[in-house]
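Below: the structure, in structure tokens.
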Amino acid sequence: MARISAELTSGTAVSLSNGRHSWSADEPPQAGGSDTGPTPYEILLGALAACTCITLALYCRHKGIDLRRVTASYEYDRIHAEDCDDCDQKEGGFIDRITSRVKIEGTFTEAQRQRLAQIVSRCPVHKTLEAGVRIADQVEFG
């Protein structure tokens, strides 16, 4: 199980912790923030990028594949549903979209290349985001 806590510190700046590590999030000035850390969406993309790189590294280690380097970049945007060529929903509203670019360096057979390309979308964070997630909110007032 993963667990973090967050506290609004000032303005839109948030302090986050998992009990072992601390980090921060904020919004850029144009969104009313002070830019003291990455935005929540940047943190989400960072989690996906880290999971992708780790999953590829663990797979290659397990299979004895010579992996020299992995880089992953992700972009998030919202597009009009009618502008999405590969989406089921075509009418009204917006679609959240994450676009990836993953570069895998090493010496691979063609079969390994095909399998590594599949592994990119098999990291746990990718599968969670793709499947959707249910959120159970509990709100307390003090």
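Assorted remarks:
- For segment 94-121, the tally of residues that are exposed (fewer than 13 other Cβ atoms within 10 Å of the Cβ) and not small (Gly, Ala, Ser) stands at 11.
- Condition broken by residue 22, with the remaining ones in (1) touching a residue at least 40 places away in the same chain (Cβ under 8 Å); (2) exposed (fewer than 14 other Cβ atoms within 10 Å of the Cβ) satisfied: (1)
- From the list 58, 116, the one residue that fits, being under 30 Å from residue 5 (Cα atoms), at pLDDT 95 or above and not in a strand (DSSP E or B), is 58.
- Whenever a residue of segment 84-102 is within 30 Å of residue 114 (Cα to Cα), its partners that are modelled with pLDDT under 70 and surrounded by 12 or more Cβ atoms within 10 Å (Cβ to Cβ), lying with C-beta atoms within less than 7 angstrom and at least six residues away or across chains, give the pairs 95/87.
- Residue pairs whose Cβ atoms lie under 8 Å apart, sitting 6 or more positions apart in sequence or on different chains, and linking a residue in segment 46-73 that is in the same structural domain as residue 103 (by TED's automatic domain parsing) to a partner that is part of a helix (DSSP H, G or I) and small (Gly, Ala, Ser), are 67/57; 70/57; 72/49; 73/49.
- Checked against the criterion of being modelled with pLDDT of 95 or more and part of a helix (DSSP H, G or I), segment 62-81 contains one or more residues that satisfy it.
- Residues that are buried (at least 17 other Cβ atoms within 10 Å of the Cβ) and touching a helix residue (DSSP H, G or I) at 6+ places or on another chain (Cβ under 9 Å), drawn from segment 27-37: 27, 37
- The set of residues in segment 91-142 that are touching an Asp or Glu at 6+ places or on another chain (Cβ under 6 Å) and not hydroxyl-bearing (Ser, Thr, Tyr) comprises 97, 106.
- Selection within segment 13-31 - closer than 26 Å to residue 99 by Cβ and outside any strand (DSSP E or B): 26, 27, 28, 29, 30, 31
The values are calculated or read from the model by the stated rules, or taken from the named source; none is laboratory data. Every value quoted in this text rests on a predicted model; they were computed, and no experiment measured them. We place every Cβ from the backbone using ideal geometry, glycine too, and count neighbours over all the protein chains shown.
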